[in-house]
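What follows is a short report on a single structure.
The values are calculated or read from the model by the stated rules, or taken from the named source; none is laboratory data. Everything numeric here is computed off the predicted structure, so don't read it as measured data. Glycine also receives a Cβ, built like all others from the backbone with ideal geometry; neighbour counts cover every protein chain displayed. The accessibility values were calculated without ligands, DNA or RNA, using every heavy atom of the protein model including side chains. Shrake-Rupley method; radii C 1.70, N 1.55, O 1.52, S 1.80 Å.
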Amino acid sequence: MKKVENIAYAGLTRFIENGEGEKELLLWVENDLSKTSFSYSYFETMSNRIAGILQEIGVNPGDTVSLFIPRSPMLISCFFAVLKNAAISSILFSTLGEAGLLDRLSNSNARVIITKKSLLRKIISIKHQLPTLERILVVDIDEDQNDHVLSLKRLLSKSSSAFDYPHSLDAETPAFLQYTSGSTGKPKGALHVHGAIADIEKSFKEIMQLQADDLYWCTADPAWITGLVYGIIAPFTTAARQLQYNGTYNADNWLKLLEQEKVTVWYTAPTALRMLMQEEESKFSQRDFQHLKRMYSVGEPLNPEIYHWGKRIFGVEVYDNWWQSETGSMMIANRPPMKVKPGSMGKPREGIESFICDENMRLLPPGKQGLLCLHKGWGSMFRGYFHNDTAYAEKFHGDIYVAGDLAFTDSDGYFWYVSRADDVINTAGHLVGPFEVESALLEIPEIADVAVIGADDPIMHKRIVAFVKLRSGAAWSKELELKCRVHVSNKVSTSAIPAEFHMIEQVPKNQSGKILRRVLKAVYEGKDPGDTSTME
Ligand code: ATP
Ligand code: MG
């Protein structure tokens with residue numbers, strides 16, 4: 001069996017051995033903009049202490065430990081502590097409600113959960129339904145509540161700062177379990193192994209191309225694959241200097257941080273850019289983003305309108321990239337020195353074989369829309385959906401992984417996203433992707449945000465329905481509707497013109513900022529919206 005470095009060794013211990021323990025690698029910024037610097041030594045010691053505690057309470061290799069705490073240096077230490085025990089880390093959004101939490105904890109068979117006092121109530125109320133859950137470690141209570149609910153604070157005060165663990169292990173040893181974003185249905189637990197490390201590092205270097213003097217900022221929460229892989233694992237194992245902000249979207253704080261901390265490489269998501277786009281232009285013109293070298297975007301298609309806006313406002317290139325919880329690392333990406341084609345997700349990275357097939361797995365030529373596929377076997381590929389072998393098997397046709405998205409290539413080898421396979425709208429025999437209609441509508445100045453779905457229609461099979469959030473001060477009118485219809489017709493096609501427009505306050509999104517079209521669709525059709533555990 002192939003051996004690899006434990007991700008915790010590659011991300012922490014190795015640097016201590018090399019004498020780089022005091023190197024500052026993380027600038028942590030709180031909501032109130034107070035800052036703390038962290039070194040490898042800090043995380044090595046903290047994770048050693050927690051690893052010892054986990055071992056003492058009986059965590060064995062292969063057990064799942066759930067981390068149900070908000071993003072924090074503590075969360076990072078816990079993640080590495082779990083890996084040092086060769087157990088499986090499962091980071092969960094701290095915003096999850098009881099039902100969502102129950103789904104994930106019972107699917108993962110978590111034996112231990114680390115949490116915060118303010119979140120404890122949610123776990124206690126479902127604990128009787130979780131027979132495998134033995135211990136709850138609470139980071140911020142002073143005393144144990146009983147034999148099951150222990151104070152991590154107290155345990156830490158008497159823990160050892162040393163922890164011996166095998167620095168290398170079988171490449172196939174499970175390392176982390178990442179629940180998908182739940183955009184198309186109930187989230188699935190994608191299981192990843194320590195052997196993913198080489199691909200994660202390689203992709204980070206090839207796409208982000210950080211230099212020693214760069215300051216990198218990934219805005220994603222570690223409960224989403226992007227925040228874990230490119231917010232913790234890749235920057236730690238490659239010694240990238242990074243900033244993390246302990247908070248959700250806040251335009252003033254974000255812009256202040258970009259300027260004052262001199263962020264050079266910024267990895268964010270279309271939803272964040274879309275929110276920024278709704279702010280007054282003066283907020284941007286007041287600031288100086290001269291240190292920023294480039295931006296990256298992931299998670300949803302980057303509409304050309306947002307791309308052009310970002311480029312104009314920040315004065316740098318915006319590189320979109322495509323990957324999934326299942327792929328474990330970036331698969332298709334724009335990166336320097338490539339020429340960006342606005343609206344395209346770029347080209348497969350080195351060593352990744354990506355192509356478009358029809359439903360019979362026949363290769364399609366450039367220009368033909370079909371299923372986005374990857375040749376199986378890249379290192380960071382998920383090794384299963386936890387306790388759901390059927391769903392895993394359904395994703396493969398022999399050696400081909402079918403991602404569940406529709407796309408096409410062009411003659412230069414660029415990939416263009418169309419939609420999720422579930423979201424494509426068959427209207428009167430024409431296939432329309434919601435993304436292209438949304439992109440066109442976003443170009444209308446009065447429209448701040450928009451989501452498009454296909455609703456059942458007795459004549460057209462599906463009719464296109466647009467849910468529009470207007471910019472503040474704008475009002476919906478017959479003229480504006482006409483303008484929208486003409487614009488979609490010119491930009492996309494006449495068959496893509498929405499049959500209905502509905503005004504909404506907010507486009508429903510999940511915690512990683514993706515539009516929950518299935519929820520809009522269900523509500524519109526008066527049906528059960530299904531799993532809403534990931535909804536913001
Ligand atoms: P679920 O699988 O539970 O429905 P999800 O697919 O949103 O949720 P993730 O693994 O977080 O869960 O997201 C991967 C998906 O996000 C991709 O399959 C694709 O649909 C979308 N996506 C990611 N990056 C891009 C991008 N650059 N352009 C277009 N779509 C993207
Ligand atoms: Mg998915």
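Descriptive notes on the structure:
- Per atom type, the chain shows carbon and sulfur on 50% of its accessible surface, probed at 1.4 Å.
- Entry comment: accessible area of region 451-518 is 48 Å² per residue, from protein heavy atoms only and a probe of 1.4 Å.
- Electrostatic bookkeeping for Asp422 treats Lys and Arg as +1 and Asp and Glu as -1; over the other residues with beta carbon under 11 Å from its beta carbon, the sum is +2.
- The Cβ shell under 13 Å around Leu406 holds other residues with a net charge of -4, Lys and Arg each +1, Asp and Glu each -1.
- For the chain, the C-alpha radius of gyration divided by 2.2 N^0.38 Å, with N the number of residues, is 0.97.
- Once the 1.4 Å probe is applied to the protein heavy atoms, region 260-321 comes out at 37 Å² accessible per residue.
- Solvent-accessible surface of region 156-240, averaged per residue with a 1.4 angstrom probe and all protein chains in place: 30 square angstrom.
- Where N is the number of residues in region 3-192, Cα Rg divided by 2.2 N^0.38 Å: 1.01
- Whole-angstrom gap from region 427-446 to region 60-74, using each part's C-alpha centre: 41 Å
- Too-long pairs where the Cα-Cα distance tops 20 Å, listed order kept, from Lys23/Lys116; Lys84/Lys188; Lys35/Lys158; Lys262/Lys293: Lys23/Lys116; Lys84/Lys188; Lys35/Lys158
- Reciprocal mean inverse distance between Cα atoms of region 426-467 - Kirkwood radius, Å: 10.8 Å
- Volume of the convex hull of region 1-102 (Cα atoms only), normalised per residue: 123 Å³.
- Prolate/oblate/rounded call for region 425-525, Cα gyration tensor, a/c under 1.5 rounded: oblate
- Assigned charges on the beta-carbon of Lys, Arg, Asp, Glu; region 3-192 dipole about Cα centre (debye): 520 debye
- The local environment of Pro187, defined by Cβ-Cβ distances under 10 Å, has a net charge of +1 under the rule Lys, Arg +1 and Asp, Glu -1.
- Once C-alpha pairs closer than 8 Å and six or more residues apart are averaged by separation and normalised to the residue number of the chain, the relative contact order reads 12 percent.
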